[in-house]
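Trainee: Structure provided below as structure tokens; questions to follow.
Throughout, read-outs are computed from the coordinates displayed, never taken from laboratory work. Since we're looking at a predicted model, the values are computed, not measured. For neighbour counting, all protein chains shown are included, and Cβ atoms are generated from backbone atoms with ideal geometry for every residue, glycine included.
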Ligand SMILES: [Zn+2]
């Protein structure tokens, strides 16, 4: 069992142990080796990316007599200085030393202090917390710094730092640490502590740490409090997250338009006391990954998911659906997450509602037993092309009109000027005509056939063209028809 805080215990003492900031390490190490420093450094980046750790290693190495390839030796007099008055490195948290007086004191101290030699280094953490006056006082010092003083400012919010300060500093932007680097470090810690934990558990922890080494290590500590021989299932339970299998199962049933199974899965989640909000967040990340897989299946670098087995399954899932369907779901799920709901039950209800709306409107058309849809009393057989993703949108409609013009389909072109293509849904366009006289012409079988032929030529796939008038849309049965097709989010204008 672990007593010490793992984070403190494993705080890197060498640049090489700071993960994910290779370029910064190299520059700082070179400056140590060449003994060439500037008076002020600014380290920016999100929390847990190694800013303070690098500042500490760097400041120690600056005065170290026997630096080892740019790292402090931890043996010499400077490295082991304990006397508070002759300390070379002073760390201040700007969050609690943010007034102008405190900064002035610091500056006075600088002017009159006797140095035992070497550099005096001030590390100012969370420097964005300084008041404006404190910044101004600091700026004066940065403009005319005493020759043997070095400032290292660090911040998580670079936008709050005045440009005048930024321009006086050598700036280093710390990147979020990649999942694979965090996993490597966690693995190293566990091996050193004789902790038995599987790779998948570490993946989950690193993933939850969101690019922050500090957060990832404290999540690991939280997990370890529950005992030894932790499995990935334990980790998920402890962290209140669901197994990927749950999410995959749900997506599988959504893509198959199986509302019943989808709702059963959500019920089961609730029974198992899974945090629904976290589940929805996970669902969002996976949907995003599936879209990326569909867009560019070769490039897996951009995915959040790193587990090969899971990616393989996601690829299979991606074949069951279209990009337009995926974007629609992702959009709606984002809306739910942006609602900032208070209770789990609210999240559950919104998720259920989304599925009911989404699947109820489409399942009639896609269930395995019924591959026919009925519109305007006609039965249209769904073929593979109808199921495939939407090839068109508002822009491609414009392009289609230009195509008509260029290819001398002038009659069709001018007819289609009398209205708007309102909806694009799978391989289907709904055109709202706003001129009564033109409506009948657009509705004639002959014209529709011509338009559909042109659409087919342009989009290289069969497309169904439907025309409505404003009046028809006002009729309730038409509204019903459209709602059945698009769900409640259908916008029907009543001019
Ligand atoms: Zn040393």
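Trainee: Which shape class applies to the stretch 1-103: rounded if a/c is under 1.5, otherwise prolate when a/b exceeds b/c and oblate if not, where a ≥ b ≥ c are the square roots of the Cα gyration tensor eigenvalues?
Mentor: Values: a/c = 1.19, a/b = 1.07, b/c = 1.12.
The shape class here is rounded.
Trainee: Quote the relative contact order of the stretch 179-239 in percent (integer), defining contacts as alpha-carbon pairs under 8 Å separated by 6+ residues. Kindly include the intermediate steps, with their values, before the conclusion.
Mentor: Details: 53 pairs, mean separation 23.2, N = 61.
Relative CO of the stretch 179-239 lands at 38 percent.
Trainee: Order of 282-295, 452-465 by packing, highest average Cβ count within 10 Å first? Each step should come with its number before you reach the end.
Mentor: Working: 282-295: 19.7, 452-465: 16.6.
Going from most to least packed, we get 282-295, 452-465.
Trainee: What does DSSP give for the stretch 72-220 in terms of the percent of beta bridges that are antiparallel, rounded to the nearest 5? Please report the intermediate quantities before stating the final value.
Mentor: Details: 0 of 10 bridges.
Of all bridge pairs located within the stretch 72-220, approximately 0 percent are antiparallel.
Trainee: Just to verify a number: FRET efficiency for residue 34 and residue 301, C-beta to C-beta distance, R0 = 30 Å, to 0.05? All intermediate terms of the calculation are to be shown ahead of the outcome.
Mentor: On the way: r = 35 Å, r/R0 = 1.17.
Using R0 = 30 Å, I get an efficiency of 0.30.
Trainee: Label the stretch 21-173 by shape, choosing from rounded, prolate and oblate, from the square roots a ≥ b ≥ c of the eigenvalues of the Cα gyration tensor; if a/c is under 1.5 it is rounded, and otherwise prolate applies when a/b is larger than b/c, oblate when it is not. Write out the running numbers ahead of the final one.
Mentor: Values: a/c = 1.77, a/b = 1.23, b/c = 1.44.
Oblate.
Trainee: May I ask for the distance between the Cα centers of the stretch 47-85 and the stretch 253-296, given as a whole number of Å?
Mentor: The stretch 47-85 and the stretch 253-296 have Cα centres spaced 48 Å from each other.
Trainee: Of the peptides 259-269, 148-158, how do they stack up when ordered by the mean number of other Cβ atoms within 10 Å, highest first? Numbers along the way, then the final one.
Mentor: Working: 259-269: 16.9, 148-158: 20.5.
The packing order, highest mean first, is 148-158, 259-269.
Trainee: Determine the gain in length on full extension of the stretch residue 349-residue 319; use 0.36 nm per residue of separation and subtract their C-alpha separation, reporting nm with one decimal. Intermediate results must be reported in sequence, preceding the final value.
Mentor: Values: separation 30, 0.36 × 30 = 10.80 nm, distance 2.83 nm.
Fully extending the segment from residue 349 to residue 319 adds 8.0 nm.
Trainee: Continuing with this model, one more query. Taking a ≥ b ≥ c as the square roots of the eigenvalues of the Cα gyration tensor of the stretch 212-334, is the shape rounded (a/c under 1.5), prolate (a/b larger than b/c) or oblate?
Mentor: Details: a/c = 2.16, a/b = 1.39, b/c = 1.55.
Here the stretch 212-334 falls in the oblate category.
Trainee: Same structure, new question: What FRET efficiency, computed as 1/(1 + (r/R0)^6) with R0 = 30 Å and r the Cβ-Cβ distance, is obtained for residue 264 and residue 196, rounded to the nearest 0.05?
Mentor: Numbers: r = 35 Å, r/R0 = 1.18.
Efficiency, from the Cβ-Cβ distance: 0.25.
Trainee: Could you check the simple spin-label distance between residue 417 and residue 445, using points 7 Å along Cα→Cβ, in nm with one decimal?
Mentor: 3.0 nm
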